[in-house]
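Notes to accompany the following structure.
Derivation of every value follows stated rules applied to the coordinates shown; laboratory data play no part. Please read all numbers here as calculations on a predicted model, not as lab measurements. Here Cβ is always computed from backbone atoms with ideal geometry, including for glycine, and neighbour counts include all displayed protein chains.
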Amino acid sequence: MNRIVLWLLSTLSVLVLLFGYHTSTSGAGLTASPPGVFAGSSQTSGNGGSSGASQKSSGQKSSGQKAPAATAPTSATGAVAQTQWGPVQVKISVASGAITDVNVLQYPSGNGTDAQINSYALPQLIQETLNQQSANIQMISGATVTSTGYLQSLQSAIDQAGL
């Protein structure tokens, strides 16, 4: 009799836990913000910092040397890369033959897990792009799908920019 009661209570507990579990795709209680644009820049950062390139040019001006004329910045938007979790699209800004800024226009954002993964992966991908100046960058562990889509769209944008 004790075994039957124990088995019944165990089964009931498992059923309560099973039906009470909310998966990340349920959509209930998510606080993720709507898709935005992840951006990075090697020229200036949002907190007022500046890159070595802009510091160098300001140093040249103070010494009386003339800085060479830079080409006007242009931008190129990569093709939308369809991934299993959603589209990824990258836009780059180019000046003097170098990538100066990267904006991620579209990225997977269907649930809380996507938001969590992309909040750490996209800034790393952007920074790596600015450092390497190409699509030959490392993928982010744990964000393989987003990284693959990012690289496809980035290469498309680089091709359009003629780099």
Förster radius 30 Å - calculated FRET efficiency between Asn136 and Thr113, Cβ distance, rounded to 0.05: 0.60
Convex hull per residue volume in Å³, alpha carbons only, for the range 73-149: 77
Additional length obtainable on full extension of the chain from Asp159 to Val5, 0.36 nm per residue less Cα span: 48.6 nm
Förster-model FRET efficiency, 30 Å R0, Tyr120 and Thr77, C-beta, rounded to 0.05: 0.80
Amide proton proximity set for Ala79, modelled H, under 5 Å, gap of 5+: Ser156, Ala157
For Gln106, residues with placed amide H under 5 Å, excluding near neighbours: Gln89
Summed side-chain charge close to Val90 - residues other than Val90 whose Cβ falls under 15 Å, Lys, Arg +1, Asp, Glu -1: -2
Burial ranking of peptide ranges 10-20, 133-143, 153-163 (average Cβ count within 10 Å, highest at the top): 153-163, 133-143, 10-20
